Every structure is written in C-alpha cells, then in structure tokens.
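Working notes, structure below.
The values are calculated or read from the model by the stated rules, or taken from the named source; none is laboratory data. Being a predicted model, the structure only gives us computed values, none of them experimental. Cβ atoms come from the backbone with ideal geometry, glycine included; neighbour counts cover every protein chain shown.
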Ligand SMILES: NC(=O)c1ccc[n+]([C@@H]2O[C@H](COP(=O)([O-])OP(=O)(O)OC[C@H]3O[C@@H](n4cnc5c(N)ncnc54)[C@H](O)[C@@H]3O)[C@@H](O)[C@H]2O)c1
C-alpha cells in the first residue's frame, strides 16, 4: 500500500469522519514502510496479515477485537495476479499461479468474512466492502485471470452477504471502480491508454480513488443500512454507456 492506493484514501476519509481502525498489509509489503506515515496520521495500529493464511487472518481479527470489541466496518482492498506479474498471456496461464491469484484476490474475502462470522467480530448492522472491476462482467483482454478473480469475489459478496445478513444484519457489497492509477492498476498492460479510453467513455469521466473512498464511507454508514449483496458501480457512468460522442468522433467519416 502506498499513498496512491485506494485503501489509503479510504483510511483518510474514514479518519476525517472520526473513525478508528487498524491498518494491515502482507508482511512482505510492510517492509516498504510507506504505511507508517498513514498509521501516524490516523493514529492507527498496523497488524501484518498475509490474506492467504488462516492464522494471519485470525490474528488480525483477534487484535481488532482486542482494541475495539466488535467492529463496525471492514474494507477488503487486495488484488494481485501472478500470471500478469510474470508476463504470462491469458492463453498460456500457469495454474499454480492462477490458484495463488484466486486465493489472494478472491478467496481471501471468504476467509475474512468466515473468520469474522465465526468470531462474531462485526457489530449488528455492520458493513463490509470489497473492490472489484467490470472485467467480471465483460472482457478486457489485458486484465487476464483477474477477471475470474473478480467474478469469484462478486459471487462471494452475494453468497456470504446472504448468510451474514441472516445471522446479524451485516451488509456485504462490492464497489466496481473505474480504472485508477495505483500499483495494482498500472500492472495491467497498456494502462495509460486504457485509462484515457474509460475516461472518454464515461459521462462523468473516470471516478478517482478519493470518490471511491467517499462511496466506501457512505456504505460503512447507517445511511445505507438496507443495501447488501450488491455490486455497485463507482465509474462515472461507464458501465451503462454503449458508446460516447468523444469515442465515436475518433472513428469513421469525420465530416
Ligand atoms: N486500480 C484500479 O484500476 C482498480 C480498479 C478496480 C478495482 N481495483 C481493486 O482495488 C483494490 C485495491 O487495489 P489498488 O488499485 O489500490 O492497488 P494497490 O496495489 O495499492 O493495492 C493492492 C494491495 O494488495 C496487497 N496484497 C497483495 N497480496 C497480498 C497478500 N497476500 N496479503 C495481504 N495483502 C496483499 C498489496 O500489498 C497492496 O497493498 C484491488 O482489489 C484492486 O483489484 C483497482
């Protein structure tokens, strides 16, 4: 995580609204140290957690409960593709990598929810949000196996959202975010051109990380207390646009 990360902006927005929270990242990523500035600014404790490890997830939730009792909200902001990172094309995927990608980017959300469910870690009416991308619904060739990761992530959102709603009125939603210039985002091939295309296709332009953070805060709040099991677009209208005039003007007879 660094200051471009969506999670960083969400933490800042939550802090501005008076929230207290713990921050986390994979132990190896914590060595970079950038998160320390955010922790100092928001008065937060950092708890290491590799989201693919049951024992790390347990320790993270246990520590949060020691500090706060039950918690009100959780953001899952984790994604990584090993095949993309190793420059493997979609049609030449390595399956060990693919398993790991699905574990990090999607199954970790189930692990998080199940750990909380079993420990009764989330207060009645609490809210859990994860971040996804429209490649779960439509093909974006350079997004590779992350498309499957996001499809699984959104399915877990619905399925666990059902069970957690019944148990304790806990809400579970995904936000489908515009392409955003972050470390994970820029790992996708041709990202600059793609950002430009999405911007031209969206009536409001691309949604930036700050707007995503504001949307997260609204979903963490009681104002959205009856919203659950939804995939919600924060994309400037991209997902409902077939084609836009700026994009049309780049093709065909210009007279
Ligand atoms: N940037 C975009 O264009 C965009 C668009 C839509 C959705 N998203 C999603 O938003 C979320 C946040 O991504 P971001 O763009 O802020 O990028 P980011 O690279 O800043 O965040 C991804 C985080 O995942 C962490 N991570 C990776 N493996 C981990 C593991 N095993 N255990 C714990 N943490 C691990 C990384 O350390 C990093 O902090 C991701 O789910 C991403 O897919 C991003």
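Number of residues in the stretch 179-231 that are part of a helix (DSSP H, G or I) and either within 15 Å of the ligand (Cβ to nearest atom) or closer than 30 Å to residue 84 by Cα (or both): the value is 24. Summed over the stretch 48-65, the residues that are farther than 18 Å from residue 128 by Cα and either surrounded by 17 or more Cβ atoms within 10 Å (Cβ to Cβ) or within 10 Å of the ligand (Cβ to nearest atom) (or both) give a count of 5. Regarding residue 39, is this residue at pLDDT 95 or above, crowded, with 20+ Cβ neighbours inside 10 Å and either more than 10 Å from the ligand (Cβ to nearest atom) or part of a helix (DSSP H, G or I) (or both)? No: the conditions fail for residue 39. Of all residues in the stretch 7-36, those satisfying the criterion of being under 21 Å from residue 208 (Cβ atoms), under 17 Å from the mean Cα position of the chain (by Cα) and more than 11 Å from the ligand (Cβ to nearest atom) are 11, 12, 13, 14.
Taking the criterion of being under 12 Å from residue 144 (Cβ atoms), surrounded by fewer than 21 Cβ atoms within 10 Å (Cβ to Cβ) and within 9 Å of the ligand (Cβ to nearest atom), the only residue of the stretch 66-112 that qualifies is 80. Among all residue pairs at least 6 apart or on different chains, which show Cβ distances below 9 Å where the first residue, located in the stretch 14-26, is over 24 Å from residue 59 (Cβ atoms) and the second is assigned to a helix (DSSP H, G or I)? Correct list of pairs: 16/217; 17/217; 17/220.
The sole residue among 139, 170, 166 that is away from the ligand (no atom under 16 Å from the Cβ) and out of contact with any strand residue (DSSP E or B) (no Cβ under 7 Å at 6 or more places or on another chain) is 166. When the stretch 222-247 is filtered for residues that are farther than 24 Å from residue 152 by Cα and without any contact (Cβ under 8 Å) to a residue 12 or more places away in the chain, the ones remaining, listed by number, are 223, 242, 245.
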